[in-house]
1. For the stretch 4-22, check the following and say yes or no: at least one residue is at pLDDT below 95, outside any strand (DSSP E or B), among the hydrophobic types (A, V, I, L, M, F, W, C) and within 8 Å of the chain's Cα centre (by Cα).
2. Mind checking whether some residue in the stretch 15-22 is in contact with a strand residue (DSSP E or B) (Cβ under 9 Å, 6 or more places away or on another chain), among the hydrophobic types (A, V, I, L, M, F, W, C) and open to solvent by 70 Å² or more (accessible area, probe 1.4 Å)?
3. Cβ-Cβ under 8 Å, sequence separation 6+ or interchain: first residue in the stretch 33-44 and open to solvent by 60 Å² or more (accessible area, probe 1.4 Å) and in a helix (DSSP H, G or I), partner at pLDDT 75 or above and not small (Gly, Ala, Ser). Which pairs?
Amino acid sequence: MIILGAILLLIGALVGIPLLTTVGGVLLVVGAVLLLLGRTGRAVGGRKHFF
């Protein structure tokens, strides 16, 4: 999710499409939050690990 967000953010910035930039930023933040919660051992959405 983090990689997809970074790719969409980069494409949106280079091409100049604000929608891609926004979606990429949201995916990047959500992916980072899920990564941090998973690394601390906290269950997210009923799952201990996200693969």
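1. Among the residues of the stretch 4-22, at least one is at pLDDT below 95, outside any strand (DSSP E or B), among the hydrophobic types (A, V, I, L, M, F, W, C) and within 8 Å of the chain's Cα centre (by Cα), which makes the answer yes.
2. Our first condition is that a residue be in contact with a strand residue (DSSP E or B) (Cβ under 9 Å, 6 or more places away or on another chain); within the stretch 15-22, this holds for none.
Checked against the condition, which is being in contact with a strand residue (DSSP E or B) (Cβ under 9 Å, 6 or more places away or on another chain), among the hydrophobic types (A, V, I, L, M, F, W, C) and open to solvent by 70 Å² or more (accessible area, probe 1.4 Å), the stretch 15-22 yields no hits at all.
3. Pairs found: 35/2.
The values are calculated or read from the model by the stated rules, or taken from the named source; none is laboratory data. The model shown is predicted, which means the values in this text are computed figures rather than measured ones. Note that we place each Cβ from the backbone using ideal geometry, even for glycine, and neighbour counts take in every protein chain shown. Heavy atoms of the whole protein, side chains included, go into the accessibility calculation; ligands, DNA and RNA do not. Shrake-Rupley method; radii C 1.70, N 1.55, O 1.52, S 1.80 Å.
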